[in-house]
Amino acid sequence: MKYPEVTTHIVKWLNQHLVQSAQKGFVIGISGGIDSAVTSTLCALTGAPTLIVSMPIKQHAPEYHRAQEHCLWLKQKFSNVETQELNLDTVWMAIETAFTPISTHALVMANSRSRLRMLTLYAFAGSRSFLVAGTGNKIEDFGIGFFTKYGDGGVDISPIADLFKSEVYALGRHLQICNSILSAKPTDGLFADGRTDEDQIGATYDELEWAMKHASNIKPEEYTERQRAVLEIYRQRHNQNAHKMKPIPVCSIPQHLKT
């Protein structure tokens with residue numbers, strides 16, 4: 001892949017959508033991971049006002065420090081970048097209290113964190129007439145649905161959603177993203193213990209990319225035991241999360257019932 005040309009293409013695409021939407025800039029939530037680092041850098045390269053928001057919620061320390069390092073790097077490199085840290089611990093504690101009947105459900109609470117951050121980003125976006133830029137990659141958004149519906153999946157534009165994770169890393173190296181981010185294991189930042197994406201999914205992104213490309217193969221005997229296991233993980237998650245990746249079903253009323 002020609003990463004200088006890919007960079008130019010995405011930056012041009014971002015500027016086109018900014019003009020078409022009649023908005024003034026971009027807002028991106030930063031997590032300390034490669035996807036948000038690359039997305040925020042691409043938005044900064046447009047030259048348009050770009051707001052980078054860090055939203056720690058009882059955050060795992062290494063994630064928080066990587067996010068701060070990236071914010072500092074962006075501000076030093078781009079004059080159009082503004083950073084904002086909004087600690088959501090107090091708000092989160094109130095939500096935990098209100099959600100007492102279901103607060104022991106770890107996944108429900110993790111998704112609620114993501115939705116709180118979405119609410120925050122849209123508050124900033126609305127106050128400035130900005131677009132919320134999504135940070136999902138191809139595997140997450142169209143492969144296994146590894147995102148929160150109306151959380152990190154609630155965005156206006158998705159500049160890297162046609163790139164596999166390996167391609168995002170390669171683009172990050174081209175953009176000279178901080179080494180601490182490039183070398184960190186991917187994590188969604190929704191659990192205080194810092195569990196990685198691989199811990200949650202049971203497969204690496206490289207394995208999932210392979211599975212996405214081979215999911216239609218109907219001859220599993222051609223694969224190793226591990227490859228068959230990864231295909232099962234991929235297919236199971238793809239099917240379970242299909243509702244996230246498809247348009248909301250609309251009940252169409254027959255015309256003869258309307259007249």
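Which residue is modelled with the highest pLDDT, if the candidates are limited to the stretch 187-235 and must be aromatic (Phe, Trp, Tyr) and over 17 Å from residue 137 (Cα atoms)?
223
Is it the case, given these coordinates, that residue 181 is of a type in the set (Val, Ile, Thr), touching a residue at least 60 places away in the same chain (Cβ under 8 Å) and surrounded by 18 or more Cβ atoms within 10 Å (Cβ to Cβ)?
yes
Just to be sure, is residue 216 surrounded by fewer than 16 Cβ atoms within 10 Å (Cβ to Cβ) and in contact with a His (Cβ under 9 Å, 6 or more places away or on another chain)? Can you show your working first?
Details: surrounded by fewer than 16 Cβ atoms within 10 Å (Cβ to Cβ): yes; in contact with a His (Cβ under 9 Å, 6 or more places away or on another chain): no.
So residue 216 does not fit the description; no.
Using the structure shown, decide if residue 37 is assigned to a helix (DSSP H, G or I), among the small types (Gly, Ala, Ser), surrounded by 19 or more Cβ atoms within 10 Å (Cβ to Cβ) and without any contact (Cβ under 8 Å) to a residue 40 or more places away in the chain.
No: the conditions fail for residue 37.
A quick yes/no check of all residues on (1) without any contact (Cβ under 8 Å) to a residue 12 or more places away in the chain; (2) over 22 Å from residue 25 (Cα atoms); (3) buried (at least 21 other Cβ atoms within 10 Å of the Cβ):
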position	(1), (2), (3)
44	no, no, yes
50	no, no, yes
65	no, yes, no
73	no, no, no
80	no, no, no
97	yes, yes, no
111	no, yes, no
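Condition check ((1) surrounded by fewer than 19 Cβ atoms within 10 Å (Cβ to Cβ); (2) of a type in the set (A, V, I, L, M, F, W, C); (3) at pLDDT 95 or above) across all residues:
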| residue | (1), (2), (3) |
| --- | --- |
| 9 | yes, no, yes |
| 21 | yes, no, yes |
| 29 | no, no, yes |
| 53 | no, yes, yes |
| 60 | yes, no, no |
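The values are calculated or read from the model by the stated rules, or taken from the named source; none is laboratory data. The model shown is predicted, which means the values in this text are computed figures rather than measured ones. We place every Cβ from the backbone using ideal geometry, glycine too, and count neighbours over all the protein chains shown.
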